[in-house]
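Enquirer: Please find one structure pasted underneath; my questions will follow.
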Amino acid sequence: AGVPAAAPAPPPARHLFSDPAEVEALRGNLLAWYDRCKRDLPWRTLAATEPDADRRGYAVWVSEIMLQQTQVATVIHYYNRWMQVTAAYRVLCPQAAPSGDLVHCLWQIPSGKIQLCLSLTCPLPSLLPGVGRYTAGAIASISYGQATGVVDGNVIRVLCRLRCIGADSSSPAVIDRLWDMANVLVDSSRPGDFNQALMELGATVCVPKAPLCRECPVKQHCQAWRRVSMSPTAIVTLVFAGIGDCPLCPPATEPWDSSLGVTNFPRKAAKKPPRAMRTATCVLERRGCHGAPEYLIVQRPSSGLLAGLWEFPSLPLAQDLQEEKEREELAHHLQAWMGRPVAAKGLQFIGEVIHIFSHIHQTYVVYSLHLDGDVTLDPVLFPSRWVTEDEFHASAVSTAMKKV
Ligand code: SF4
């Protein structure tokens, strides 16, 4: 007792950017390359030419939200469309925000993978929920010229290679270290360009497979490239010096693999298998006033998985329930929800639908129920509405619900 714990040793120099002259040279080489080779992207043009900082911020925010969900080539079309329509909307209805459904329709890519959370009347994006550290950093640096770094998937790959970081790149310790590095490296006179250059390098040169190291503008600062270019004896010495207790080196059980070259970095821990979930879902159907069938859909909560999207009334189930019990639970749920009796045996089993989310293996157990008359739900507690089949497909519903 009374003996303070020793502070952890700093990481070895090869994992750091501790030489100011090297940092300066790296910035210069990267920015010169960016000025020569950068892709023409509409949000970059706007960020460089628009005098209003909030408009720049809005444009970068829109592009970042879209880029998180799909590739640059696809985003360009949707970004242009979004900016044109929202500009027109702003002229026509200066006081109004579009409904969630309007937003969804404008930004629904045929892959069906898209969710959205954009609105026209945002004040500053950094104040909005759903804007994480990366997006806030991108907007602050690109639109407002603040000297703050960014770390996205491309930057993780580039930094891990530049500094031979082989520990799990998705671990909080490594991510924190990468943010520190990004903040050290960012060029205070051109922070937006520097961050975009680092991301561009990862997207076009330091790509996941077969990076173009010989053409790389920062190869003279790259520890992974240096290691690949070394003599075999030097590599052995370096590799054995690198493993052990260092929290940023590859684990001793997964040493350097010379067949992989620089793509030894970054490394991720093996993915966990997706979690299995079962959900009972009920397609409630009635005859509409014109005789065509209509279906009840309800809106999901505004946070979490599939936030704000519409779905058939659904209930997560325990994994090991018998079918009869599942049906009873769903009947109870519908009953409590609609305020009228629902007999379990009235629920007709239709089948099972499997949908794989990135981390969830979801099985929807699908039932249907025909109703006479309307169902009254509290619109605040349960946003819900009856839709025809066409209206269902035009609504903000997930791909999983379309399968159902
Ligand atoms: Fe990436 Fe190769 Fe450039 Fe290193 S030299 S940053 S590994 S492209």
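The values are calculated or read from the model by the stated rules, or taken from the named source; none is laboratory data. Bear in mind the structure is a predicted one, so any value in this text is a computation, not a measurement. Using ideal geometry, Cβ is built from the backbone for each residue, glycine included, and neighbour counts are taken over all protein chains shown. For accessibility, only protein heavy atoms count, side chains too; no ligands or nucleic acids. Shrake-Rupley method; radii C 1.70, N 1.55, O 1.52, S 1.80 Å.
Enquirer: Bin all alpha-carbon pair distances of the stretch 275-403 at 10 Å intervals from 0 and give each bin's fraction as a whole percent.
Expert: 12, 44, 37, 6, 0
Enquirer: Sticking with this one: Whenever you get a sec, line up W33, W225 from highest to lowest accessible area (probe 1.4 Å, protein heavy atoms).
Expert: Ranking W33, W225 by accessible area, largest first, yields W225, W33.
Enquirer: Something else about it: Provide the per-residue ³J(HN,Hα) series for the stretch 353-362, in order, calculated from phi with Karplus coefficients 6.51, -1.76, 1.60 and θ = phi - 60°, each as a whole number of Hz, with x at glycine and proline positions.
Expert: For the stretch 353-362, the Karplus curve yields 10, 9, 9, 9, 8, 4, 10, 9, 9, 9 Hz.
Enquirer: Let me ask something additional. How do the peptides 208-219, 147-158 rank, highest first, by the average count of neighbouring beta carbon atoms within 10 Å per residue?
Expert: In decreasing order of mean packing, 208-219, 147-158 become 147-158, 208-219.
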